[in-house]
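Just so you know, all these numbers are worked out from the coordinates, no wet-lab data involved. Given the structure is predicted, the values throughout are model-derived calculations rather than measurements. Counting neighbours? That spans all protein chains shown, and the Cβs are built from the backbone with ideal geometry, glycine included.
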Amino acid sequence: MAKQETGLQRRKRRVRYNLKQRANGKLRLSVVRSNKQIYAQVIDDNQGVTLVAASTLDKEVKSKIKGSASNIKAAEAVGQLIAERAKKAKVSEVVFDRGGVIYHGRVKALAEAARSAGMKF
């Protein structure tokens, strides 16, 4: 018997399918949110490689947030860091992949921080 998908897995598959339809060869900014951490990476799906990554586990972010890594300030710090690293890798335009999670709270804060730091999506 096949294993059933959860709602999150279905949404993630649906979001990723729609992104690939609209991407036109652009890179993908993927965000993964857990209860304690938030991770972001810029992925080249054509070559199957991650170009840059940032998370609340990075030393640069830990020194900025002073406390809980599961709040909006931490997500904003990760958004700033991923944008800075993307600039160094000469990446300016991406497609935002929220990964089946609602665009709200920490995910929205990360996206807006990355936009304000110069990324376009």
Revision key, fill the gap. Counting sequence-distant residues (5 or more places) and residues on other chains, those with an amide H built under 5 Å from that of residue 51 are 42, 43, 44
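I want the antiparallel fraction of DSSP beta bridges within the chain, as a percent rounded to 5.
70
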Check your understanding: How many angstrom lie between the C-alpha centres of the range 66-109 and the range 1-56?
Key -> 13
Point to revise | Karplus-derived HN-Hα couplings along the range 20-27 (A = 6.51, B = -1.76, C = 1.60, θ = phi - 60°), whole Hz, x at Gly and Pro | key: 5, 5, 9, 5, 6, x, 6, 6
Check your understanding: With each run of n ≥ 4 DSSP H residues scored as -39500 (n - 2.57), what mean residue ellipticity at 222 nm is computed for the chain after dividing by its residue count and rounding to the nearest 500 deg cm²/dmol?
Key -> -13500 deg cm²/dmol
Revision key, fill the gap. Under 5 Å from the placed amide H of residue 96, counting only residues 5+ away or on other chains, we find 29
Revision key, fill the gap. Taking a label point 7 Å from the Cα of residue 68 along Cα-to-Cβ, the residues of the range 82-121 whose backbone nitrogen sits under 18 Å from it are 104-110
Review point. For the chain, with only Lys/Arg (+1) and Asp/Glu (-1) charged at the beta-carbon, what is the dipole magnitude about the Cα centre, in debye rounded to 20?
Key: 260
Study note, to complete from the structure: Sorting 37, 54, 105 by the position of each Cα along the dipole of the chain (Lys, Arg +1; Asp, Glu -1; all at Cβ), the one nearest the positive end of that ordering is 105
